[in-house]
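Working notes, beginning with the structure itself.
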Ligand SMILES: *Cc1c(COP(=O)(O)O)cnc(C)c1O
């Protein structure tokens, strides 16, 4: 063997006795076969077999299996983002002439996908009041193949009566998908409440460090998994084992991160109700949050995201007050170690229940900083806003 050949042939080393607690990162495009016969038979390896890097390596399989266990499902499909987790379900189970129902508070890019991608292709959508509960039954016609649920809802935190919606949808033969990103499988398991798809933006609490993008769809019916795998296979969509390795590291600490963030977010939510600059605090653990009773019945604990509606007039000082923050960072997405805050536009995204609050909405994601430092920062910001509203009243 010459050096150039040696350069591309990695020598086999002894792995006996090697056992690590870390999951190895297996990167691959090509999968090699021991002989020509095995290669020609590769399509019979099934969806769990290894045939091509795009369709999975032991690293991606480990993350899939771990999420399936946490959700009480049979299989998990990994996709490149949380948004893709939603769109892959819709693209896999909706055909021209079909209809999907989405809640009014849905993650805004999902509404855009329905309007701008599905509708021109003959797939209709309807928007429903997130608190409709069993009343969803009246909106499900024979074309409605999928009911989408997101609980609590993006930004405004309405908690949905998932069991009631599932029951009504099942009675009419519709599938139910649940975006479970706020709760994570630690606080709520949609499949145990009858949903067909449990979707997570792993980008948030599973990744946990603001440095990866991934999504997952867990199912308890293997046939649903096959259909979704065929969709992403046809589209050429797969995930990077490197991202999965980061998610596998993140998931180890998710339990203590989410528990801590949940405690701090509940504490801050209660304190924020007493701030003169705040009109309304939206946190599922507060009785004032729409659907709080379903949180108390089905979820019971919190993660770290909440929103506040500011008193009208506060926006005059808002940009300066946000820029002056020392501990909170300004940014979208959430679930990482750094606390985030971001103004949100909600009004233009509501078509069923008009958003009538006048004040600006701020979404807050609690991170792992010392809670006293966070509160001091938030309090200073609210004080600046409070002075703005006072000035306007005067
Ligand atoms: C962030 C988020 C998504 C999208 O996740 P990405 O990985 O950023 O695409 C979907 N649903 C909810 C509820 C989210 O918060």
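So the values come out like this:
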| quantity | calculated |
| --- | --- |
| Computed FRET value (nearest 0.05) for residue 5 with residue 117, which takes r as the C-beta separation and R₀ as 51 Å | 0.55 |
| Packing-based exposure ordering (other Cβ within 10 Å, fewest first) of 306, 368, 94 | 368, 94, 306 |
| Peptides ranked, highest mean first, by Cβ atoms within 10 Å: ranges 170-176, 334-340 | 334-340, 170-176 |
| Which of 70, 325 has the fewest Cβ neighbours within 10 Å, and the rest in rising order | 325, 70 |
| Residue of 261, 157, 381 that the Gaussian network model of the chain assigns the largest fluctuation, springs spanning Cα pairs under 10 Å | 381 |
| Debye log10 I(q)/I(0) for the stretch 36-251, one point scatterer per Cα, at q = 0.10, 0.12 Å⁻¹ | -0.42, -0.60 |
| Förster radius 22 Å - calculated FRET efficiency between residue 234 and residue 31, Cβ distance, rounded to 0.05 | 0.70 |
| Enclosed volume per residue, in Å³, of the convex hull spanned by Cα atoms of the chain | 174 |
| Length released on extending from residue 260 to residue 347, taking residue separation times 0.36 nm less the Cα-Cα span | 28.2 nm |
| Two-site FRET efficiency, residue 319 against residue 45, from Cβ-Cβ distance with R₀ of 51 Å, rounded to 0.05 | 0.35 |
| Footprinting exposure proxy for 254, 344 (fewest neighbouring C-beta atoms within 10 Å first) | 344, 254 |
| Global form of the stretch 83-164, assessed from the alpha-carbon gyration tensor, a/c cut-off 1.5 | oblate |
| Of all DSSP beta bridges in the chain, antiparallel share, percent nearest 5 | 55 |
| Spherically averaged projected area of the stretch 254-393 from its Cα convex hull (nm²) | 8.6 |
| Backbone N within the stretch 24-67 under 14 Å of label point (7 Å from residue 242 Cα along the Cβ vector) | 25-29 |
| Prolate/oblate/rounded call for the stretch 28-161, Cα gyration tensor, a/c under 1.5 rounded | prolate |
| Anisotropy class of the stretch 175-233 from Cα gyration tensor, a/c 1.5 cut | oblate |
| Pairwise label distance in nanometres, residue 52 with residue 296, each label 7 Å out on the Cα-Cβ vector | 5.4 |
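Taken together, the values in this text are just the output of simple stated rules run on the coordinates, not laboratory data. All figures in this text were calculated on a predicted structure; none of them were measured in a lab. Positions of Cβ are generated from backbone atoms using ideal geometry, with glycine treated the same way; all protein chains shown enter the neighbour counts.
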